[in-house]
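Below is one structure, written out as structure tokens; the observations come after it.
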Amino acid sequence: MQGSDNQYRQVLPFTYYLVIVIILVNVPIIGLISYTSYREAKHELNENILVLQEQTEKSVILSLQMVDTGLKMLDRTYNARMQAGFGPFLEEYERAGRDPAAMDLERVKAEIGGEFDLYIINEDGVVEYTTYEPDLGLDFKEIPYFFEAITELRLGESFSADRVVQELSTGQLRKFAYMPTPDNRYLLELGIVPAAIHSQQSSLTYRSVIQDSIALNPNLKRIRLYNSLGNLVAAAGEELTEEADDTRSIVGMVHREGADYIWFDPETGREYRYLFVNLTDPDHASDMNMVVELTYDTLLITGELKSILFSHLIVGLSAILLTSAAIFLAARHITRPIHTIVEDVETIAEGDLNHTIRAAQSREFSLLEQSINAMVGTLKETIQKLQSSEDRIKEYSEHLEEQVAARTAELQESTRIANLYLDIMTHDINNANNSASLYADTLLSMTGEEEAPYIEKVKKGLQKSAEIMRNVSTIRKIREGGLPLRAIDLDPVIRAEINHHSGIGIKYAGTDACVLADDLLPEIFTNLIGNAAKFIGPGGSIWIRIEDQGADMVQVSVEDNGPGIPDALKNTIFNRFASGGTTRSGRGLGLAICRMLIGRYGGRIWADDRVPGRPEMGAAIRFLLKRSPD
């Protein structure tokens, strides 16, 4: 019984598909008529709704523009009085020694009539002092465009009056004006709520105009107005609930992009339309642009559309059901051979690849039977080949893992032996160099002036050999990377290297900088000082300078008054075995090692002129090191 149910479930979907195909072929007229009629009704209804919405939205925008025009009429009325009010304000600033903390703002407020509120805005855009407590500590950096505008005013020299705007903390209409202090450290601000604004407050409120707009459209349930900061300015219609986070983000997006936005909530059947109202005034810094949220209830419209759709569906489904009853028996007869093929395929799918598809009477199904039997035969051969390949791959993988492990062990052993030989070679060569240097000193004391130059050349050769071994050892330590970075004081490192070159005139003022490096840091100064000493000649000088580069970096400069570095070579001298291009320059690793170490410390190194634009006045090697956070 279970097998029979499974077979029925296998055949049933195909029968349904076949019935649907036949229905779509035989009853297209029914579907076309139903769809056309429904579409016309829906189109007419939507057209009426769009016209009504367009009229409503135009009315809202026009009303807001009228309110904005009314506010502009008040802009110039108080400019002269506010400009005059800055006289006592600036006098008090000078009296207090240009210290805002010592200013008596309440006295100044009373002196200029008591109707103005005084504000002092610092360089960071923060209201540092004011007679209007709600705005104390207000940070205009949170409004980047306005912060840029008041910064420009603070750095200017003249009076500037703003237009009548909504106050950020209370939403009250208020007029502001600005005047920079003579030292441009602060921006002085006066704010006023004039009697004219009080008297016209009722006619200039946004709530009254949007309340009138709701009556124009029965589907409009609520209107909300938001300012440029995304704060709710006014609302009318349904009772206002707490705003969701996505509403504030949508309002911010609409204001930034200056484009309308539509959002539909399928759970409540409401459409939210966000309109950008451009009230930009190029003569003032304040942003008076508004975002209007219109909430439409589409449930009534949806109900009408559903009723029309339902009636058309009933007619169409009735025709389809009648047609389905006529073709169902034919579909059953057509799908019977497929049922037999499905049974055979299931048997094959269970693993019996020797099972064959039973022959069918129709030509099409006979061809299908032959194709499936051929496919099963090919599948059997493929499975056999795959099994054979899998065995070979498994055997190869086992041997490959053993070979990789053996090669890895050999490589580690080779590396260990190479390091051992390098340690022995470095130790023995250094010992030989030391012995040869001692003998050279002995010979120098025993010989005359004629042989002395040759012995000096021998000593320089030994010193060069020691330098090469030191460089090789340094490169090896860098490559191994075993030294952790830590906080190191620069001053003792530099002074120790200066002591090693006591025969050279090195000028250094000292530093208290602490940088992030390791025990190889002295190699940088050894190479740079030694390199500079080759070029300055007798009587030359070397300077070491330390300068701060921001809060996180320190710049070190090693300068000399030698022949300098040509511009063409400044980008190549840090390469390995690079030549300085002069008779005294060698081919070595010193500068390359410096670049490797400084790169490991997170800095960079470059060649420069000691005197900018004058290469012949001497060279300067500069590099940056990270300041230690500890």
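Things worth noting here:
- Screening R154 on (1) of a type in the set (D, E, K, R); (2) within 24 Å of A84 (Cα to Cα); (3) free of Cβ contacts under 8 Å to residues at least 24 places away in the same chain shows it passes everything except condition (3).
- Residues that are at positive phi and not in a strand (DSSP E or B), drawn from the stretch 597-622: G602, G613
- Of all residues making up the stretch 313-337, the number that are among the aromatic types (F, W, Y) and at pLDDT 70 or above: 0
- Test for D489: is it exposed (fewer than 12 other Cβ atoms within 10 Å of the Cβ) and modelled with pLDDT of 90 or more: no
- Some residue of the stretch 545-555 being surrounded by fewer than 22 Cβ atoms within 10 Å (Cβ to Cβ), touching a helix residue (DSSP H, G or I) at 6+ places or on another chain (Cβ under 7 Å), touching a residue at least 24 places away in the same chain (Cβ under 8 Å) and closer than 20 Å to L490 by Cα: yes
- Residue match in the stretch 545-563 (condition: of a type in the set (A, V, I, L, M) and modelled with pLDDT under 90): yes
- Subset of the stretch 208-229 (residues that are more than 43 Å from the chain's Cα centre (by Cα) and either modelled with pLDDT of 75 or more or of a type in the set (A, V, I, L, M, F, W, C) (or both)): A215, L216, N217, P218
- Taking the criterion of being of a type outside the set (K, R) and farther than 24 Å from F140 by Cα, the residues of the stretch 90-103 that qualify are E91, E92, E94, A96, G97.
- In the set P134, P144, P182, only one residue is more than 16 Å from M82 (Cα to Cα) and modelled with pLDDT of 90 or more; that residue is P182.
The values are calculated or read from the model by the stated rules, or taken from the named source; none is laboratory data. Nothing here was measured: the structure is a model prediction, and the numbers come from that model. For neighbour counting, all protein chains shown are included, and Cβ atoms are generated from backbone atoms with ideal geometry for every residue, glycine included.
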